[in-house]
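Throughout, read-outs are computed from the coordinates displayed, never taken from laboratory work. Bear in mind the structure is a predicted one, so any value in this text is a computation, not a measurement. In this analysis, Cβ positions are derived from the backbone assuming ideal geometry, glycine residues included, and neighbour counts consider all displayed protein chains.
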Amino acid sequence: MMKLNRENLGLQKKLPIKVIQFGEGNFLRAFVESAFQELNKHADLNAGIAVVQPIDRGMVSLLNDQDGLYTLFTKGIKNNIEVEEKELITTIVSCIDPYINYGHYLGLAKEQELQFIISNTTEAGIAFVASDKLDMKPPTSFPAKLTQLLHARYITFNGDNNKGLTIIPCELINYNADTLKSIILKYIDLWSLEEDFKKWVLHSCTFHNTLVDRIVPGYPRDQIESYNAQLDYEDNLLVSAETFFLWVIEGNELLKKKLPFEKTDLDVRIVDNMQPFRTRKVRILNGAHTSMVPFSILYGNETVKESVDEAFTGPFIKALVFDEIIPTLDMEQEELEAFAHAVFDRFRNPFIKHQLSSIALNSISKFKVRVLPSLLEYVERKNELPMHLVFAFACLIRFYKGTWKGSRLPLNDDERIISEFSNIWDSLSVNEVSEKVLGNATYWGEDLTKINGLKEAIATALKLIEENGVKEGFINFKNKLTPLNDAK
């Protein structure tokens, strides 16, 4: 089979480097490169990407072996129709390992047409390492490497305000750009760099918080033969992703002109404030995930798709989202419902086998961030308990007992938390379990026994789950909770 490179495919035109990307992993290659390829096709951006390997061991050598080329396969459901597409991604024009060729890395600062810095160096990547020095080749942290590059660009172009860069991190932390900017400023102070350089960073460069959303399983090892059969070249870096794509970037009209995504079909939102979009994702997508895991595992399901397709668990999860989570959010109802329908399309994706056990990690802390705010906001707005969220909460507490019908449950949490729940469940009644768990403010950030009726409702649900199982338990719980809510 033909080797994948530019010569064999007749791709002689080399795009100018307008983007430096820190990170070469599956997500960026299935997300950012694809996005810039769409801009090149539909908006004539003419942007090439230089990929910088942010850690000592990475994939740059493999990318160089294929001249930065690889195939992106996208699969999913759009409007209840299965969709499969593939595309050769050609936007990467340079791949650099700064640990091997530091001079090549720092030389990127001299690129005349350079405009953008993109990154995804994992949640731990945006970090301050006090031992990093300006003269290290390279320093340890990504922010330190970027500070070096910005300083070199400032020196090269004599502080030209027109040579500032647009910095768009994609790490999965809130306020990712603000955090990155604050660390760069710390390095400027630590390294005693010029005050004028600091002003150049603050006024000539722009930093944009982001939210990225796309499931990227990556290299489809289990199905590689069927993928390879669709190609007439050998691709060692092909990557698979879901069809869904969302990129929310904080920015103004100037950024919209720099990145004219409105000329593409991609769902890219350049907005003044991305927090409502983040809240929407956390509450609906992540909240549904976290809510369904204990509930659905106790019922007997194994995957997310199975959970939303099953005759009992599917309607339960849908009601939880549409009837109890969406009413607690402040965005337009139509926008929220459209997003929720897209989420359920993603959950039903037949090409992604998402095991419930694999997303059970740290369910207590996830519930606190992703689900509990919806429950509390519902109580605040409606003055009643949301029965699906409360029942899911009870399933979570029951899940942390550790066994169900004689079998071990896939608990995956801090040993301290697992041990505490084991002790709570050892000898207490469901009433005492409810009080002990809800009253533990270290789990939830507050004492939940103060929420009117919640302690009693959780105890009732726990008793019914134990006696009747999840399905009959919920039916009986609904019958008991509805009159109580109606009486308020």
Margin query: Explain nothing, just the number: dipole magnitude of segment 364-484 about its Cα centre with +1 on each Lys and Arg Cβ and -1 on each Asp and Glu Cβ, in debye rounded to the nearest 20.
Written below: 380
Next item on the list: Give the angle, between 0 and 90 degrees and rounded to the nearest 10, that separates the Cα long axis of helix 333-347 from the longest principal axis of the Cα atoms of the chain.
Entry: 90
Next item on the list: Once you have the Cα-Cα distance between Glu84 and Asp160, take 0.36 nm times their residue separation minus that, and quote the gain in nm to one decimal.
Entry: 22.7 nm
Check: In nm, to one decimal, how far is the Leu9 label point from the Ala43 one, both placed 7 Å along Cα→Cβ?
Finding: 2.2
Check: With point charges of +1 on the Cβ of Lys and Arg and -1 on the Cβ of Asp and Glu, referenced to the Cα centre of the chain, which listed residue (Ile20, Pro220, Cys205) lies farthest in the positive direction of the dipole?
Finding: Cys205
Check: What is the spin-label model distance, in nm, from Ile100 to Lys186 if the labels are put 7 Å beyond Cα along the C-beta direction?
Finding: 3.2
Note to self: If a paramagnetic tag sat 7 Å from the Cα of Tyr219 along the Cα-Cβ line, which residues of segment 46-80 would have the backbone N under 11 Å from that point?
What the structure shows: 59, 62-63
Note to self: What do you get for trypsin sites (Lys or Arg not before Pro) in segment 37-81 restricted to DSSP loop and a cutoff of at most 15 other Cβ within 10 Å of the site's Cβ?
What the structure shows: Arg57
Checklist line | Stretch gain in nm, segment Asn468-Lys318, where the contour uses 0.36 nm per residue and the Cα spacing is subtracted | finding: 51.8 nm
Next item on the list: Give the angle, between 0 and 90 degrees and rounded to the nearest 10, that separates the Cα long axis of helix 454-486 from the longest principal axis of the Cα atoms of the chain.
Entry: 90
Next item on the list: Please report the relative contact order for segment 126-252, taking Cα pairs under 8 Å with a sequence separation of at least 6, and give it as a percent rounded to a whole number.
Entry: 24
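Please pull out the direction-averaged projected area of segment 12-271, using the convex hull of its alpha-carbon atoms, in nm² to one decimal place.
So the Cα hull casts an average projection of 14.2 nm².
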Item checked: Stretch gain in nm, segment Leu134-Glu380, where the contour uses 0.36 nm per residue and the Cα spacing is subtracted -> 83.4 nm
Checklist line | Relative contact order of segment 188-263, defined on C-alpha pairs under 8 angstrom at six or more residues apart (%) | finding: 36
Checklist line | For the chain, Kirkwood radius (reciprocal of mean inverse C-alpha pair distance, Å) | finding: 24.8
Check: So how tilted is helix 195-204 from the main axis of the chain? Cα-based, degrees 0 to 90, rounded to 10.
Finding: 70
Margin query: Only counting other Cβ atoms within 10 Å, I'd like His354, His104 sorted with the fewest neighbours first.
Written below: His104, His354
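Could you size up the charge dipole of segment 74-149 around its Cα centre, putting +1 on the beta carbon of Lys and Arg and -1 on that of Asp and Glu, and report it in debye to the nearest 20?
Using Cβ point charges on Lys, Arg, Asp and Glu, segment 74-149 gives about 200 debye.
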Notebook entry, point to check: 222 nm [θ] for the chain, helices only, -39500 (n - 2.57) per DSSP H run of 4+, per residue, to 500?
Noted result: -13500 deg cm²/dmol
Check: Quick one: Leu255, Leu150, fewest Cβ neighbours within 10 Å first, how do they rank?
Finding: Leu255, Leu150
Next item on the list: List, in the order given, every pair from Lys110/Lys198; Lys18/Lys78; Lys401/Lys463; Lys78/Lys353; Lys41/Lys257; Lys86/Lys281 whose Cα-Cα distance in the structure shown is over 25 Å.
Entry: Lys18/Lys78; Lys86/Lys281
Notebook entry, point to check: In the neighborhood of Phe277, defined by Cβ-to-Cβ distances under 13 Å, what is the net charge if each Lys or Arg adds +1 and each Asp or Glu adds -1?
Noted result: -2
Next item on the list: Using Cα centres only, tell me the gap between segment 408-446 and segment 1-54 in whole Å.
Entry: 49
Notebook entry, point to check: What's the local net charge at Ser61, with K and R +1, D and E -1, over the other residues with C-beta under 14 Å away?
Noted result: -4
Item checked: segment 296-430: C-alpha gyration tensor shape, a/c 1.5 cut-off, then a/b vs b/c -> oblate
